[in-house]
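A short worksheet on the structure shown next.
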Amino acid sequence: MRATIMTVHAHPDDEASKGSGTIAKYAALGARAVLVTCTGGEAGDVINPTVTDEIAAIGMAAVREAELEASCQALGYESLHMLGYHDSGMPGTEVNARPDNFANADLDEATGRLVRIIRAERPQVLVTYSDRHDFYPHPDHIKTNQVAMAAVAAAADADRYPDAGLPHEISKVYYVEFSIQMILLLHRAFLERNVPSPFSEFLERIPGLADLEVDGIDAPPTNGLTTRINIGGFLAQRRASLAAHRSQIPDDSFFLTVPDELVAEVYPYEDYLRAQSVVAVSVDERGWETDVFSGIDGLVWEPTAGLEALVEAFTSMDPEIEQSS
């Protein structure tokens, strides 16, 4: 069976800001990348005024769908599924009370929609959000975790949703994470170069966070993280994916103002927590898992990228030397 990775995200642009380099890398290696976006992002604010006229002409939902399609093309996604719910907005807003929004959706019904997609696409690896939402408790992100994890379990059970296709067991599930180590190392790299850090405002929200001691990139996993993927050769694809979301990510966003060269030097990784696995996994000498497909046998890879991208993908695969269950 072809190597297949599925990501389940809440809104258009989440696929760009969370784990996009990982997708670009595995797509180059020949995996099939599948995206499920739970809402249309209709409640998003117009962050970039240059697209105001376009939104007025065709509507926010249409603009964000076009942006999403461009982002998927930049990363190498082969399949895009919209789960079909309205953006829930934030608590206390008018849109948050809509009966058709994702946060208010019946869990069983939403789970069934995702089960049907999982059974059709049959991924070995699924990536979504954790159940920790301290920094950004968006209702749609919370619901995404609930629906994704319920669907992973239900998709493997022949007695659940029997009309939604043949059962399928996903081998490994990951939560995409923003590592405080990454943020602090990049923040301090800016300060060392006497350049204003785009992370300063974020770090000022939590007293003492900017002064927290963190280990370098050669340290073992901390804070519950288990897995990190070297994406140093795929930062351009990640940047293109982010830039596709013009309505949500202005040119001066920290997502676009952090130079790729600095990221490649200081922290060329995307971090994950392995939530569950039915296979043994491999870790390197520091304890990091460096391949989300590790331990899964019998996969077929169908590279479509050029030779240069393939060489970059393979050379950025960290060695794994130790087996653990």
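The values are calculated or read from the model by the stated rules, or taken from the named source; none is laboratory data. Everything numeric here is computed off the predicted structure, so don't read it as measured data. For neighbour counting, all protein chains shown are included, and Cβ atoms are generated from backbone atoms with ideal geometry for every residue, glycine included.
If a residue must be touching a helix residue (DSSP H, G or I) at 6+ places or on another chain (Cβ under 8 Å), closer than 18 Å to Ser20 by Cβ and among the aliphatic types (A, V, I, L, M), how many such residues does the stretch 61-81 contain? So the count comes out to 5.
Candidates in the stretch 172-206 are the residues that are among the small types (Gly, Ala, Ser) and in contact (Cβ under 8 Å) with a residue 12 or more places away in the chain; of these, the one that is farthest from Val8 (Cα to Cα) is Ala189. For the stretch 1-13, which positions are of a type outside the set (S, T, N, Q) and surrounded by fewer than 24 Cβ atoms within 10 Å (Cβ to Cβ)? Met1, Arg2, Ala3, listed by residue number.
Exactly one residue out of Ala158, Ala70 is on the phi < 0 side of the Ramachandran plot and not in a loop (DSSP other than H, G, I, E, B): that is Ala70. Which members of the stretch 262-292 meet the condition of being assigned to a loop (DSSP other than H, G, I, E, B) and either farther than 24 Å from Gln181 by Cβ or not aromatic (Phe, Trp, Tyr) (or both)? Once the filter is applied, which keeps residues that are assigned to a loop (DSSP other than H, G, I, E, B) and either farther than 24 Å from Gln181 by Cβ or not aromatic (Phe, Trp, Tyr) (or both), the stretch 262-292 yields Pro268, Val278, Val279, Ala280, Asp284, Glu285, Arg286, Gly287, Thr290, Asp291, Val292. Put simply, of Thr7, Thr37, Thr22 the only residue that is of a type in the set (S, T, N, Q) and part of a helix (DSSP H, G or I) is Thr22.
Would it be correct to say that Ala43 is touching a residue at least 24 places away in the same chain (Cβ under 8 Å), farther than 23 Å from Arg116 by Cα, touching a Gly at 6+ places or on another chain (Cβ under 6 Å) and surrounded by fewer than 24 Cβ atoms within 10 Å (Cβ to Cβ)?
Numbers: touching a residue at least 24 places away in the same chain (Cβ under 8 Å): yes; farther than 23 Å from Arg116 by Cα: yes; touching a Gly at 6+ places or on another chain (Cβ under 6 Å): yes; surrounded by fewer than 24 Cβ atoms within 10 Å (Cβ to Cβ): yes.
So Ala43 fits the description; yes.
In summary, Asp163 fulfils each of the numbered conditions (1) surrounded by fewer than 20 Cβ atoms within 10 Å (Cβ to Cβ); (2) in a loop (DSSP other than H, G, I, E, B); (3) at pLDDT 95 or above with the single exception of condition (2). Scanning the stretch 213-229 for residues that are at pLDDT below 90 and either among the hydrophobic types (A, V, I, L, M, F, W, C) or not in a loop (DSSP other than H, G, I, E, B) (or both) yields Val214, Ile217, Ala219. Of the residues in the stretch 110-120, at least one is surrounded by fewer than 24 Cβ atoms within 10 Å (Cβ to Cβ) and within 23 Å of Pro303 (Cα to Cα).
In the stretch 128-141, what residues are in contact with a His (Cβ under 9 Å, 6 or more places away or on another chain) and modelled with pLDDT of 95 or more? Steps first, please.
Of the residues in the stretch 128-141, the ones in contact with a His (Cβ under 9 Å, 6 or more places away or on another chain) are 128-129, 133, 138, 140-141.
Passing the criteria: Thr128, Tyr129, Asp140, His141.
Filtering the stretch 131-148 to residues that are surrounded by fewer than 19 Cβ atoms within 10 Å (Cβ to Cβ) and either closer than 28 Å to Trp301 by Cα or in contact with a Gly (Cβ under 9 Å, 6 or more places away or on another chain) (or both) leaves only Arg132.
Being among the β-branched types (Val, Ile, Thr), in a helix (DSSP H, G or I), within 27 Å of Ala219 (Cβ to Cβ) and in contact with a helix residue (DSSP H, G or I) (Cβ under 9 Å, 6 or more places away or on another chain), is that true of even one residue in the stretch 123-136?
Taking the stretch 123-136 and keeping what is among the β-branched types (Val, Ile, Thr), we get 125, 127-128.
Narrowing further to those that are in a helix (DSSP H, G or I): none.
No, there is no match, as no residue in the stretch 123-136 is among the β-branched types (Val, Ile, Thr), in a helix (DSSP H, G or I), within 27 Å of Ala219 (Cβ to Cβ) and in contact with a helix residue (DSSP H, G or I) (Cβ under 9 Å, 6 or more places away or on another chain).
Pro196: in a loop (DSSP other than H, G, I, E, B) and surrounded by 15 or more Cβ atoms within 10 Å (Cβ to Cβ), yes or no?
Working: in a loop (DSSP other than H, G, I, E, B): yes; surrounded by 15 or more Cβ atoms within 10 Å (Cβ to Cβ): no.
No, not satisfied.
Only one of the numbered conditions (1) surrounded by fewer than 24 Cβ atoms within 10 Å (Cβ to Cβ); (2) part of a helix (DSSP H, G or I); (3) of a type in the set (A, V, I, L, M); (4) touching a Ser or Thr at 6+ places or on another chain (Cβ under 7 Å) is violated by Ala16, and that is (1).
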